[in-house]
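The values are calculated or read from the model by the stated rules, or taken from the named source; none is laboratory data. Small disclaimer: the values here were computed from a predicted structure and weren't measured. We place every Cβ from the backbone using ideal geometry, glycine too, and count neighbours over all the protein chains shown.
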Amino acid sequence: MKILIAGCGKLGKALARQLSPAGYDITLIDVRNEVLEDNAVRYDTMAIQGNCATMEVLKQAGVSDADLLIAATGADELNLLCCMTAHGLNKEIHTIARVRNPEYTEQIFQMRETFGLSLTVNPEKQAAIEIVHLLKYPGFLKRDSFAKGRVEIVELRIDTASKLCNVSLSEMDRVINCRVLVCAVLRDGAAVAPDGNFTLKDGDRIFVTAPMKNLTSMLKSLGIITHKAKRVIICGGGRVSFYLAQQLAKSGVTVQLIEQDPDTCKRLSKLLPNTCIVHGDASNQYLLESEGIADSDALLTMTGLDELNVIISLYGKSFGVPQIITKVARMDNTGLLDSLPLGSIICPKELSCNTIVRYVRAVRNQTGAALAVHTIADGQAEAMEFRVDATTLHCNEQLKTINLKPNILVVCITHGTKTEIPNGDSCFRNGDTVIIVSSGKDVIYQLNDIFRD
């Protein structure tokens, strides 16, 4: 499968890093030669220097026989023109454009065919949706939904005060009084596929799957606060903050948004009439205290500087803010971030990358493609949902008799409206959905890829 990636910024590099090892034929396009050379060598890709929206450059990149174009430059208009031009040169090509400006939302929807778009991604809007999701159900560092929201894979951190510290997984259900499955554990930066004898320790990050009612029961048993946020402080007035404040206001949440630039404050005050816009420096301790950080239910650090977000989040932690969500643009320093009490960490680039990778796999496999794909455990594992159909092997066979590939775990089976955490006696049938977690190097494109035979 031949893929053109226009733009070697954070998203473009992340896509090259994730898609190239999977065997895709990748060509990068960018005007900056030094960026192209570095990434072409690092990810073993072809490179074309030039303006990705011109016919000449797209032809050099091989648009005529390409299967997919991903336009991820820093300019929405350039991305749209790139997709339109590519579609004009190759009517069969699939095109994905990153479009971040909310002013374009309506016209892109109405003019989708004119622009030749197969899919658009908005990293900031996706991040805002994810954050609202976390705010509605606090207690988890991260949540990924499957089976139309009936099943979740959630992330929790174990500390010395946790009831799960020094508890083996075989004893976990007894401690939390409900049935869940720990499908991965991050310990010292490395992902582990645990068995029943695995004992949880201080500092572990665990990834747990179960129906939502079981996860709620688990939080209550662990004594973790689960009440929804009613008053939120947002630091930074960028696009993520705009989408966030817009959605939270509709939910009746009181929002105070702190922004340093006066022009941005004026613009946001017109766009967000139900939000309290505060002109000031969010890193100023006195300002945060005067705005009532100690009495807030959640602190969301959404400035454009990762370092500043980390500092403000740590300050909020010192005040005992119940829920903290920290936005980062780069996930390169996950080992360092893991050691800090930053609450939930959101990376808009990573969310969009997951959406695009899911689409790429669907294009490659017109039938049997994953219904959902989420990376977990800092990218060291993937959780995927598949539908069982007539072509699926081993239907109606007990899991204990099926020979799975290494590093594959079946974590949930949904039979209609009934959800099951499987054991060795469980089986799946035509029409069911199956959630699997893979921590191996092999890419799982369809459900049959998990079997040895």
>> Only one of 30, 65 is acidic (Asp, Glu) and out of contact with any helix residue (DSSP H, G or I) (no Cβ under 8 Å at 6 or more places or on another chain). Can you tell me which?
In response: 65
> Out of 152, 77, which single residue is at pLDDT below 95 and either in contact with a Phe, Trp or Tyr (Cβ under 8 Å, 6 or more places away or on another chain) or charged (D, E, K, R) (or both)?
Replying inline: 152
> Which strands (runs of 3 or more DSSP E) does segment 140-228 wholly contain that include 3 or more residues that are more than 18 Å from residue 422 (Cβ to Cβ)?
Replying inline: 142-146, 151-157, 181-187, 190-192
> So how many residues does segment 294-329 have that are of a type outside the set (Gly, Ala, Ser), assigned to a helix (DSSP H, G or I) and crowded, with 23+ Cβ neighbours inside 10 Å?
Replying inline: 2
> In segment 202-220, how many residues are in contact with a Cys (Cβ under 7 Å, 6 or more places away or on another chain) and either surrounded by fewer than 19 Cβ atoms within 10 Å (Cβ to Cβ) or not assigned by TED's automatic domain parsing to the domain that holds residue 158 (or both)?
Replying inline: 2
>> From the list 251, 168, exactly one residue is touching a residue at least 24 places away in the same chain (Cβ under 8 Å), farther than 30 Å from residue 274 by Cα and of a type in the set (S, T, N, Q). Which is it?
In response: 168
>> Looking at segment 84-107 only, could you name the residues that are more than 24 Å from the chain's Cα centre (by Cα) and surrounded by 24 or more Cβ atoms within 10 Å (Cβ to Cβ)?
In response: 86
>> Which of the numbered conditions does residue 176 fail, given that it passes all the others? Conditions: (1) under 20 Å from residue 379 (Cβ atoms); (2) buried (at least 20 other Cβ atoms within 10 Å of the Cβ).
In response: (1)
>> Test of understanding: among 113, 124, 130, 106, which residue is farther than 23 Å from residue 364 by Cα and without any contact (Cβ under 8 Å) to a residue 24 or more places away in the chain?
In response: 106
>> Being β-branched (Val, Ile, Thr), free of Cβ contacts under 8 Å to residues at least 40 places away in the same chain and buried (at least 21 other Cβ atoms within 10 Å of the Cβ) is true for just one of 48, 29. Which residue is that?
In response: 29
>> Restricting to segment 281-292, name every residue that is surrounded by 16 or more Cβ atoms within 10 Å (Cβ to Cβ) and either in contact with a helix residue (DSSP H, G or I) (Cβ under 6 Å, 6 or more places away or on another chain) or part of a loop (DSSP other than H, G, I, E, B) (or both).
In response: 282, 283, 291
> Among the residues of segment 258-299 satisfying the criterion of being in contact with a Pro (Cβ under 8 Å, 6 or more places away or on another chain) and not hydrophobic (A, V, I, L, M, F, W, C), which is modelled with the highest pLDDT?
Replying inline: 279
> If you check 30, 44, which single one turns out to be modelled with pLDDT of 95 or more and charged (D, E, K, R)?
Replying inline: 30
> Is one or more of the residues making up segment 182-192 in contact (Cβ under 8 Å) with a residue 60 or more places away in the chain, basic (Lys, Arg) and more than 24 Å from residue 11 (Cα to Cα)?
Replying inline: no
> If we keep just the residues of segment 403-447 that are within 23 Å of the chain's Cα centre (by Cα) and among the charged types (D, E, K, R), which is nearest to residue 371 (Cα to Cα)?
Replying inline: 442
> Would you pick out the residues in segment 51-83 that are surrounded by 15 or more Cβ atoms within 10 Å (Cβ to Cβ), more than 16 Å from residue 19 (Cβ to Cβ) and among the β-branched types (Val, Ile, Thr)?
Replying inline: 57, 63, 73
